[in-house]
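Report on the structure given below.
Please treat every number below as a calculation from the coordinates, not as lab data. All figures in this text were calculated on a predicted structure; none of them were measured in a lab. Quick reminder, even Gly has a Cβ in these numbers, built from the backbone with ideal geometry, and neighbours come from all protein chains shown.
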């Protein structure tokens, strides 16, 4: 792969799963494992000195939860991206994690190649989610039709891209629907985040659909 490898850290309390994730990352093209951590507290002790791009973060751990870790770590290094890994298909966990600063949310049962591609995607500006997770997010916005706000800040194209995000579409699906490239979608998403002064998908949707969640 062209360019520097994506630097990855793993925070997972299950020894067997942590080892499995370690082997997957170490064998993957374009990814470089920085370090693994058995607890969130251990991770937070080292976040200030850690040179990392993407963190695979478990949610349910002894001590500080993965969600609390992300919330705290984001205040130290806001540029780091967090991909939550969990066994829970629970909307409350999903929304709390994303609102805390996580950028993606996958189940631990996710196939290896899909997980590795999600790490690459999140580093490029994507927000990877399993289809089951995406449906939960979509359903939360379909429970009631909400009046949009802050529309005046966005162009028509940006509104269309944001609607795609709200529908749970992946970047490539938004691109195909709009007849533009995936990279152009990423550019629009970055502009949307900048205009709305947010850091991720869920924050942007909450800005436009304040009662949607």
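Kindly state, as a whole number, the per residue volume in cubic angstrom of the convex hull around the alpha carbon atoms of the stretch 145-208.
Expressed per residue, the convex hull around the Cα atoms of the stretch 145-208 is 78 Å³.
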Task: Ranking of 123, 188 by count of other Cβ atoms within 10 Å, fewest first - done: 123, 188
TODO: Using a/c under 1.5 as the rounded threshold, could you call the stretch 6-136 rounded, prolate or oblate? The axes a ≥ b ≥ c are square roots of the C-alpha gyration tensor eigenvalues, and prolate needs a/b larger than b/c, oblate otherwise.
DONE: rounded
Open item on the list: Using only the Cα atoms of the stretch 1-72, what semi-axes does the equivalent ellipsoid have when each is the square root of 5 times a gyration tensor eigenvalue? Give whole Å, largest first.
Closed with: 21, 14, 9
- [ ] Would you mind ranking 37, 95 by Cβ crowding within 10 Å, fewest neighbours first?
- [x] 95, 37
